[in-house]
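Written below as structure tokens is the structure these notes are about.
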Amino acid sequence: MRIEKKAAKSFGRRLRQLRQERGWSQEELSTRADISKNYIGEIERGENNVSIHYISRLAAALGITLGELFQGL
């Protein structure tokens, strides 16, 4: 598996973990981050390389820093 794909999958797993820790659905995160629910699903499945624009929106919606978002990756 290519390094980019591994990174995307790891990031997606981390995002799912953080979302689930809060008890949020993909729809809830989608609303809070102003990102489509379908795109949230694609990110969590590691299907997309996410831009810093969306990564920062996700961190803000989760109430964490970028460093915390990437913690453990």
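Read-outs: derived from the displayed coordinates by stated rules, not from any lab. Quantities reported herein were computed from a predicted structural model and do not represent experimental measurements. Because the Cβ atoms are built from the backbone with ideal geometry, glycine has one as well, and the counts that use them run over all protein chains shown.
Points to keep in mind about this one:
- Output for the range 26-42, where each listed residue is hydroxyl-bearing (Ser, Thr, Tyr) and loosely packed, with under 13 Cβ neighbours inside 10 Å: Ser36
- Subset of the range 22-57 (residues that are outside any loop (DSSP other than H, G, I, E, B) and farther than 19 Å from Ala8 by Cβ): Glu27, Glu28, Thr31, Arg32
- Residue match in the range 13-21 (condition: over 9 Å from the mean Cα position of the chain (by Cα), surrounded by 15 or more Cβ atoms within 10 Å (Cβ to Cβ) and on the phi < 0 side of the Ramachandran plot): no
- Only residues that are among the β-branched types (Val, Ile, Thr) and part of a helix (DSSP H, G or I) were counted across the range 58-73, and they come to 0.
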